[in-house]
1. Given the peptides 125-132, 27-34, arrange them by the average over their residues of other C-beta atoms within 10 Å, most packed first.
2. Which order do the peptides 80-93, 59-72 take when ranked by the mean count of other beta-carbon atoms within 10 Å per residue, highest first?
3. Measuring from a point 7 Å past the Cα of Q91 along Cα-to-C-beta, which residues in the stretch 48-70 have an amide N at less than 20 Å?
4. Tell me the label only: which of [x] 69, 52, 31; [y] 47, 44, 29; [z] 77, 42, 24 is Cα extents along the principal axes in Å as calculated from this structure?
Amino acid sequence: MQKKFQVQNRGLGAMMPLIGCMTSRVRYQVSCICEAAGYQLTPEEADTLMLIHHCEGVPQSQLAKMLGKDKTSVTRLMNALVKSGLVARIQDESDRRIVRACMTEEGKKAFTRIFPQLKTLSDKVLDGLSESDVEMVKKVISQMTANLAALDDAMDEMQGEEVSSK
C-alpha cells in the first residue's frame, strides 16, 4: 500500500513556499519596472533608493536597521548606488564618523521615473485586501521576524559559549 505524502496546512512549512513565491514575483516585477525606466537596479537597490528618498540624509548605520540588513550588505548596496550616480555619501558636519546617504539629481530623476510604477505594483498586489488585512499581515510578519531575531541572538550566544569553552 502506498502512503500519500501530505503537506501540513499549518506552520512555517506551509507558509514558506507562499512567502518565497510572492517574494520572487515581486522581485521580478521590480526588476522589470527599473529596467523599463532605464535603470539597472536590483530590487534591493531600488528599495534602498526609495528609502533614502523618503529619509534624505539618513545615516548609513540607521539605513541598515531600517532595511533589516547588516552593515556590510548596506555598504555593498550603497557602493552600487554611488557608482551608478544615484546616491552620494556625505559626511556629517558635526560628527565625521557619521556618513549620510543623500540622493543625487540623477537619483531624484530615477525616483520620479520608478516610484509611480512601484506604487501601481503595490496597489495591484494588495488589490482585494482590506486595510485591516494588510495590517494583520504586517503584524504577523513583524512578530515572526522578531521571533527569528530572538533565535538569531540565542544562536549567537550559544556559538559564543562554544568558542569560549574551547
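Laboratory data are not the source of any read-out in this text; all were calculated from the coordinates shown. Keep in mind that what you see is a predicted model, and the values were worked out from it rather than measured. Virtual Cβ from ideal backbone geometry, glycine too; neighbours counted across all protein chains shown.
1. Details: 125-132: 9.6, 27-34: 16.9.
By packing density, highest mean first, the sequence is 27-34, 125-132.
2. Working: 80-93: 15.6, 59-72: 14.1.
Answer by packing, highest mean first, reads 80-93, 59-72.
3. Hits in the stretch 48-70 for Q91 at 20 Å: 57-63.
4. Here the calculated entry is [x].
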